[in-house]
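The values are calculated or read from the model by the stated rules, or taken from the named source; none is laboratory data. Keep in mind that this is a model prediction, so the values were computed, not measured. In this analysis, Cβ positions are derived from the backbone assuming ideal geometry, glycine residues included, and neighbour counts consider all displayed protein chains.
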Amino acid sequence: MDSLSDNTLMLKVKEGQLDQLGLLFERHNRPLYGFFYRLTADGPISEDLVQNVFIRMIKYRHTYKGDGKFTTWMYHMARNLFADHYKKQKRMGYKEDPEVTDKYLVNEVNAEQTRIQQEQLDLLQLAMNKLTPEKKEILVLSKYQGMRYQDIAEVLEITESAVKVRIFRALKDLKKAYEALELQPNSRTQNI
């Protein structure tokens with residue numbers, strides 16, 4: 001049963017076999033969590049959003065046609081759900097979990113190298129947070145979720161060439177923000 005395609009499973013869910021959604025959840029909950037976490041940087045909120053995507057899949061299963069990629073439909077739904085969440089919260093930010101603040105000190109041999117890498121990642125996250133929600137979203141879809149431009153175009157309901165332009169502009173803005181943060185003496189110690 002694991003060999004069934006995502007489209008086949010979702011078509012079964014559409015027909016009323018709701019238990020088939022469990023397999024889809026097993027396959028896609030981690031990538032969805034990663035998508036939401038990179039947008040919210042909040043674990044519990046990301047978990048809630050993942051759950052809500054699957055709740056919406058049940059609620060709107062009648063809209064699934066099965067003629068495109070399941071993941072495109074799923075991310076379109078996830079994107080809409082995040083937009084609703086964002087409107088409710090009217091905020092976006094990165095919150096660092098205090099329990100993982102010193103995670104780079106675990107291995108003393110590479111502690112300095114790991115600390116430097118973590119600082120660079122923190123700086124990159126700060127730079128990401130300076131982008132508009134639209135630019136941040138398109139970078140998360142392309143660079144972190146690994147979606148193809150064609151799939152992103154379907155999710156965002158724009159042309160593939162528009163996706164390329166938006167990614168180029170978002171990367172350009174990200175580079176500017178990152179370089180500006182590097183020049184700030186306290187940027188690496190700021191809360192993210």
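The figures follow:
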| item | result |
| --- | --- |
| Top-ranked residue of the range 136-152 - restricted to ones that are free of Cβ contacts under 8 Å to residues at least 60 places away in the same chain and surrounded by 19 or more Cβ atoms within 10 Å (Cβ to Cβ), ranked as farthest from the chain's Cα centre (by Cα) | 152 |
| Selected residue (only one of 65, 12 is surrounded by fewer than 20 Cβ atoms within 10 Å (Cβ to Cβ) and not in a helix (DSSP H, G or I)) | 65 |
| Which listed residue is part of a helix (DSSP H, G or I) and surrounded by 17 or more Cβ atoms within 10 Å (Cβ to Cβ), from 25, 36 | 36 |
| Residue within the range 12-27 that is more than 12 Å from the chain's Cα centre (by Cα), closer than 26 Å to residue 131 by Cβ and not assigned by TED's automatic domain parsing to the domain that holds residue 136 present | no |
| Some residue of the range 158-173 being surrounded by 13 or more Cβ atoms within 10 Å (Cβ to Cβ) and polar (S, T, N, Q) | no |
